[in-house]
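I have placed the structure first, in the form of structure tokens, so that the comments after it can refer back to it.
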Amino acid sequence: MILEVFIAYLILMVAIGLYEYRRTKNLPEFYIAGKKLGAFAVSFSFFATYFSTAAFLGGGGTGFLLGFQWSAFLIFFHILFAILAWLLIAPPMKRLADQHGAITIPELFGKTFGKEVQVLCALVILFFFEFYMVSIYKGAGNLLQTMLSISYVEALLITALIVTIYTAIGGFRAVVTTDIIQGVIMFFGAILLFASIFYYLGGLEAISALKTVKPEAFEIGKMGPPPIMNAGMIIPFVLSLTFAISIAQLSSPQLVIRFIAAKDQRVLAYGMVLTPIIIGIFAICVFSIGPFGWLVIPKEEIPSFLKDVDRVVPYIAMKMLPLGVNALLLTAIIAAAMSTINSLVHVTATALVRDLLQNFRKINDSTALKLTRFAVIVFALIPLLFAVNPPGIIVEIVGVSFSVITSAFLIPLVATLYGKRVRKNAVIASMIIAVVVCIVWQLYFYRVYYTYSVIPGLIASAIALMVFNLKKKD
């Protein structure tokens with residue numbers, strides 16, 4: 001049953017790609033769907049792109065290790081930054097992009113500050129988006145391996161092949177259309193899993209049972225990895241990681257490009273209401289299930305799950321849900337992976353062609369479209385190679401990637417949208433210093449303070465922008 005449901009899902013995704021290929025005739029259509037997206041499409045596409053396997057597997061499973069302190073902070077930050085993204089970023093970004101005719105996020109920076117900034121933005125996207133995709137592939141590979149009883153490498157290949165096909169041929173239209181379907185599957189899959197846990201464990205009695213078995217799950221600073229607990233840094237660790245993951249909604253290019261693709265400001269006004277509601281419901285359902293693993297997983301197996309919390313949610317789903325229903329839920333988690341990979345690959349490919357190649361030599365739009373389709377294939381395969389032996393568990397990889405991406409883009413983006421006399425060199429310095437600080441912090445200071453690099457990265461970015469903006473000339 002699981003195999004049949006999954007095959008039907010894959011066939012639907014490819015069919016959408018083929019259908020949208022016939023409607024994608026030019027570069028703006030391939031890049032931003034011709035700026036014709038409605039509120040439902042923009043909202044669910046934003047939601048589906050943002051939440052990946054990291055949400056279901058990493059976000060849900062990490063609660064098993066950290067308890068409800070993780071769930072509470074992560075839910076709060078997700079809802080907060082979803083509201084701020086649509087309230088503070090979306091309207092002015094749409095206006096500025098339409099004014100300049102920009103169709104990529106780096107191009108928006110380039111039209112405002114010059115080609116050097118555009119190129120720098122593109123380089124950050126090319127490197128760190130590829131790194132981020134490793135985590136998504138890992139989650140999809142682990143899950144398909146469990147679902148279909150195939151090897152991990154075979155699972156990776158299946159994921160990459162399907163995403164590459166419909167993204168390369170259908171472009172942003174295919175990305176958004178598949179996102180809508182994947183988003184709906186994810187949304188109701190999360191509600192189903194959350195409801196099933198309480199039904200399986202006897203309703204609200206599950207909370208009382210968990211308090212008896214694992215009372216630390218309800219306290220702040222009482223659960224976490226032994227090294228961090230021993231260092232007394234569990235609260236900074238949890239706060240900085242949940243902050244790093246959630247604040248990405250404000251500036252991650254694969255997300256905010258949807259603001260530019262919206263049909264008009266009215267679409268954004270509707271999305272401003274709809275999207276935080278969708279994200280809030282999903283976050284509550286998914287990020288609250290991890291701690292209940294202590295009531296479901298056999299005691300003798302708990303040590304192995306603590307070493308790899310990404311396995312907790314698939315285990316709960318397979319054990320609690322009947323055959324067929326668990327197939328739908330596991331397909332929802334795979335949908336979460338594909339809906340993120342397609343956007344990351346799409347944005348990376350457009351950054352290479354639009355923001356790098358077309359900046360250094362004249363390339364007509366017809367040729368650029370062909371190059372972008374080819375680039376989608378290349379950028380889908382590169383992280384696949386690294387995913388065979390991925391560095392760390394999913395949530396750690398996502399935390400590092402989001403820290404760098406957010407630190408590099410957020411302060412310059414806010415300055416672009418709201419600053420009146422921001423200088424080019426200040427933006428360049430802000431982005432470069434943010435990236436350097438994040439990397440250095442992660443390499444040399446993270447194991448001391450257990451605080452994710454998004455905090456020092458954003459501080460360094462803001463200080464650099466202010467200091468370099470004091471100069472009279474670029």
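The values are calculated or read from the model by the stated rules, or taken from the named source; none is laboratory data. Keep in mind that what you see is a predicted model, and the values were worked out from it rather than measured. As a convention, Cβ positions derive from the backbone with ideal geometry for all residues, glycine included, and neighbour counts pool all protein chains shown.
Quick notes on this structure:
- Hits in the stretch 436-455 (condition: surrounded by 22 or more Cβ atoms within 10 Å (Cβ to Cβ) and either without any contact (Cβ under 8 Å) to a residue 24 or more places away in the chain or outside any loop (DSSP other than H, G, I, E, B) (or both)): V437, C438, W441, V454
- Answer from A317, A332 - the residue that is in contact with a Leu (Cβ under 6 Å, 6 or more places away or on another chain) and touching a residue at least 24 places away in the same chain (Cβ under 8 Å): A317
- Residue within the stretch 140-148 that is surrounded by fewer than 17 Cβ atoms within 10 Å (Cβ to Cβ), part of a helix (DSSP H, G or I) and out of contact with any Ser or Thr (no Cβ under 9 Å at 6 or more places or on another chain) present: yes
- Taken over the stretch 415-439, the residue count meeting the criterion of being at pLDDT below 90 and of a type in the set (V, I, T) is 1.
- Note on the stretch 302-334: among residues that are small (G, A, S) and modelled with pLDDT of 80 or more, the one that is farthest from A174 (Cα to Cα) is S304.
- Residue within the stretch 415-423 that is in a helix (DSSP H, G or I) and within 28 Å of T167 (Cβ to Cβ) present: yes
- Boolean, V5 is of a type outside the set (K, R) and surrounded by fewer than 22 Cβ atoms within 10 Å (Cβ to Cβ): yes
- Unique match (being surrounded by fewer than 24 Cβ atoms within 10 Å (Cβ to Cβ) and not acidic (D, E)) among F131, F64, F109: F131
- When each of A90, A48 is tested for being under 30 Å from G141 (Cα atoms) and buried (at least 24 other Cβ atoms within 10 Å of the Cβ), the lone residue that passes is A48.
- Considering A269, A261, A217, the condition of being among the hydrophobic types (A, V, I, L, M, F, W, C), modelled with pLDDT of 90 or more and surrounded by fewer than 17 Cβ atoms within 10 Å (Cβ to Cβ) is satisfied by A269 alone.
- L385 falls short on exactly one of the conditions (1) in contact with a helix residue (DSSP H, G or I) (Cβ under 8 Å, 6 or more places away or on another chain); (2) among the hydrophobic types (A, V, I, L, M, F, W, C); (3) surrounded by fewer than 17 Cβ atoms within 10 Å (Cβ to Cβ), and that condition is (1).
- Evaluation of V427 against the conditions (1) in a helix (DSSP H, G or I); (2) surrounded by fewer than 24 Cβ atoms within 10 Å (Cβ to Cβ); (3) over 18 Å from the mean Cα position of the chain (by Cα) shows that the sole unmet condition is (2).
- Residue count for the stretch 57-92, restricted to those that are of a type in the set (S, T, Y) and either under 17 Å from the mean Cα position of the chain (by Cα) or not in a helix (DSSP H, G or I) (or both): 1
- Just one of (1) modelled with pLDDT of 85 or more; (2) hydroxyl-bearing (S, T, Y); (3) more than 17 Å from R173 (Cβ to Cβ) fails for T53. It is (1).
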